[in-house]
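Comments concern the structure below.
The values are calculated or read from the model by the stated rules, or taken from the named source; none is laboratory data. Predicted model, so just to flag it, every value in this text is computed and none were measured. Cβ sites come from the backbone with ideal geometry, for glycine too, and all protein chains shown count toward neighbours.
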Amino acid sequence: TDVVRLESLYKTYDGGVTALDGVTASFPAGSFTAVMGPSGSGKSTLLQCAAGLDRPTGGRVFIDGTELTATKDTAMTKFRRTRVSFVFQDYNLLPSLTVEQNVVLPLRLAGRRADRHRVRETLDRLGLGDRLGELPERLSGGQRQRVAIARALVADPAVIFADEPTGALDLRSAREVLALLRSLQRTIIMVTHDPVAASYADSVLFLADGRLAGSLRAPTADAVA
Ligand code: ADP
Ligand code: ADP
């Protein structure tokens, strides 16, 4: 079953730039997909439209059976807060909150109860079990990104959108984070221009000038390690 489906997505910005020019793509449950393409090819626009951060000019977006494009703004915001998680290049952790507080923040903001045991279990699983009370500034880049991934997971989303998640990491930390993302066996859509990052995905979509220019199933990381 497809968790995310994009049907004939078009996006033309005010001023006339066509960023998406008819993109159709499906993302099966548990798949880890990389979206690649040159600067300006429409990757960010695709991510924003797929995640309900922006609306396409035409076409339809389905997540987990809900047509986001047929949903009013307030319902779309609520859907995004509860069913979608994000991982960013710069981690987006709040510097004054501890690791554990950062991880439970989205649950709190969504008015959901944080199950402390499950939060700790998730942080444990990501190798951060002894860092719960630490501030982000005391962590390495790779550790910060793992906190961000823990934060994405505890919301139990239908899909995780990752925007250049290894863009600020050295190669070794990047590989750790990518291996971790792959091991989650979650539905993940990752925008990246880094071939190493893409090699960890199950499949890669290539965008050029707002169109799908090709796709492939990537070799496994073990094959390129
Ligand atoms: P990528 O992420 O692949 O670099 P983008 O989706 O950011 O591509 O951009 C695709 C095209 O849309 C580019 O020509 C870009 O200049 C344009 N664009 C992106 N965002 C906006 C915006 N908010 N307003 C106008 N044009 C935009
Ligand atoms: P699993 O990884 O076993 O499939 P789930 O899909 O239920 O677990 O949840 C994903 C992760 O998010 C798990 O590590 C779980 O501990 C955590 N989680 C789910 N819901 C909550 C919650 N309300 N509070 C804290 N953590 C949660």
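Scanning for something at pLDDT 95 or above, assigned to a helix (DSSP H, G or I), surrounded by fewer than 18 Cβ atoms within 10 Å (Cβ to Cβ) and not small (G, A, S), does segment 133-149 turn up at least one residue? Yes: one or more hits. Per the listing T33, T69, the residue uniquely outside any helix (DSSP H, G or I) and over 12 Å from L207 (Cα atoms) is T33. Scanning segment 44-66 for residues that are out of contact with any strand residue (DSSP E or B) (no Cβ under 7 Å at 6 or more places or on another chain), more than 15 Å from ligand 1 (Cβ to nearest atom) and part of a loop (DSSP other than H, G, I, E, B) yields a total of 1.
Within segment 114-138, residues that are closer than 17 Å to E176 by Cβ and charged (D, E, K, R) sit with their Cβ atoms under 7 Å from residues that are assigned to a loop (DSSP other than H, G, I, E, B) and more than 13 Å from ligand 2 (Cβ to nearest atom), at 6+ positions apart or across chains, in these pairs: R131/L139.
Looking at the structure I just gave you, is V17 away from ligand 2 (no atom under 16 Å from the Cβ) and buried (at least 17 other Cβ atoms within 10 Å of the Cβ)?
no
Screening G30, G59 for residues that are surrounded by fewer than 22 Cβ atoms within 10 Å (Cβ to Cβ) and either touching a Pro at 6+ places or on another chain (Cβ under 8 Å) or under 19 Å from L181 (Cβ atoms) (or both) leaves exactly one candidate, G30. For segment 72-127, a residue qualifies if it is closer than 27 Å to A34 by Cβ, charged (D, E, K, R) and either part of a helix (DSSP H, G or I) or away from ligand 1 (no atom under 16 Å from the Cβ) (or both), and the qualifying residues are R80, R81, R83, R125. Tell me yes or no: at least one residue of segment 155-173 is without any contact (Cβ under 8 Å) to a residue 60 or more places away in the chain, of a type in the set (V, I, T) and not in a loop (DSSP other than H, G, I, E, B). Checked segment 155-173: no residue is without any contact (Cβ under 8 Å) to a residue 60 or more places away in the chain, of a type in the set (V, I, T) and not in a loop (DSSP other than H, G, I, E, B). Taking residues in segment 95-110 that are of a type in the set (A, V, I, L, M), and partners anywhere that are surrounded by 13 or more Cβ atoms within 10 Å (Cβ to Cβ) and not in a loop (DSSP other than H, G, I, E, B), the pairs with Cβ atoms closer than 6 Å and at least 6 places apart or on different chains are V99/V147; V103/V119; V103/A150; V103/R151; V103/V154; V104/V119; A110/R81; A110/T82. Take E67 and tell me if it is crowded, with 17+ Cβ neighbours inside 10 Å and modelled with pLDDT of 95 or more. No. Scanning segment 33-50 for residues that are surrounded by 22 or more Cβ atoms within 10 Å (Cβ to Cβ) and of a type in the set (A, V, I, L, M, F, W, C) returns A34, V35, M36, L46, C49, A50. When the residues of segment 41-62 are filtered to those that are within 17 Å of T187 (Cβ to Cβ) and either of a type in the set (G, A, S) or within 16 Å of ligand 2 (Cβ to nearest atom) (or both), the one that is farthest from the chain's Cα centre (by Cα) is G52.
Filtered by the rule that a residue be surrounded by fewer than 19 Cβ atoms within 10 Å (Cβ to Cβ), within 16 Å of ligand 1 (Cβ to nearest atom) and either among the hydroxyl-bearing types (S, T, Y) or part of a strand (DSSP E or B) (or both), segment 1-14 gives Y10, T12, Y13.
Whether any residue in segment 81-103 is touching a strand residue (DSSP E or B) at 6+ places or on another chain (Cβ under 9 Å), among the aliphatic types (A, V, I, L, M), more than 22 Å from L135 (Cβ to Cβ) and modelled with pLDDT of 95 or more is what I want to check. Checking segment 81-103: at least one residue is touching a strand residue (DSSP E or B) at 6+ places or on another chain (Cβ under 9 Å), among the aliphatic types (A, V, I, L, M), more than 22 Å from L135 (Cβ to Cβ) and modelled with pLDDT of 95 or more.
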